[in-house]
Amino acid sequence: MAFKKRLSKIAFLGLSILLAAACAVQDISDETVDVDGASSTADMTPEETEDWSVKPVQLGFDADMKPSDAISLFDGSSLDAWQGDDGGAALWKVEDNIAHVSAGAGGISTRENFCDIQLHLEWRSPSAGVNGNGTGQNWGNSGVFLQSRYEVQVLNSNGNETYANGQAGSIYKQYPPLVNASKAPGAWQAYDIIFKAPEFAEDGQLISPAFVTVLHNGVIVQNHSEIKGSTRYIGHPFYEAHGCAPLHLQDHGEPVEYRNIWVRKL
């Protein structure tokens, strides 16, 4: 008899648990659950989650789709926003609204320093390499150096074999592009670059590395890639503390051309 009573108590306890669970399910069914797992009542109004505290600035665009809040670095008229390696005038030739790399003149750097940016530029590699014999790294080689340290490679990579982390759209010697989005040599190409600058503590220690996203001809070739340090031809990358710094376009001895360069501070 005692055994039967014990079974009855167990059965009653089980039934109570099932009833409690059913009530809990009913309560949950009256609520919605957001992605963080926090529940919100079903009787909320749409206005309770509307943000009217800010009003994003309305931008305009010119014929080249340059946004109205962008800083023009080269619009085809002059290289006044740039300087040479010696701090003097940029010595590249400007002709037909195009800036031509002048081999031997050195690279050019912006007179203004930048940190977090959105950068747009268009470039063109020659139809053939120097003296018509270009191959590998000697066909349309130049580079976009973010903060004068972190290079997004410029190169003819259409039908031109080289190491993957040195072709167009690569973070030089660090990350190959996700795909090869290169047009044929002699065609204009576009880079759209979103750059998050590294952060350093007062003692020079790295707090946060740099990150970069690159679209080559509208195709993502670097997706929030974590830069490992300054890009180097020889040796492994490493960081050295610095602040905001100029953009730099490289003279690698190849007749690369640039046009329509602008930047937005983020």
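Bear in mind these aren't lab numbers, they're just calculated from the coordinates by the rules spelled out. Because the structure is a prediction, the values reported are computed rather than measured. Here the Cβ is made from the backbone with ideal geometry for all residues, glycine too, and neighbour counts use every protein chain on show.
Remarks
- At full extension, residue 164 and residue 127 could sit 11.2 nm farther apart than now, given 0.36 nm per residue minus the alpha carbon distance.
- Estimated from the Cβ-Cβ distance and a Förster radius of 30 angstrom, the FRET efficiency linking residue 45 and residue 220 is about 0.20.
- Radius ratio Rg over Rh of region 71-265, counting only Cα atoms, Kirkwood formula for Rh: 0.94
- The distance linking region 88-112 with region 205-260 is 19 Å (Cα centroid to Cα centroid, whole angstrom).
- Global size of region 57-141: 15.5, 50 Å for Rg and Dmax (C-alpha atoms, Rg to one decimal, Dmax whole).
- In the frame of its principal axes, region 149-266 has Cα extents of 47, 32, 27 Å, reported largest first.
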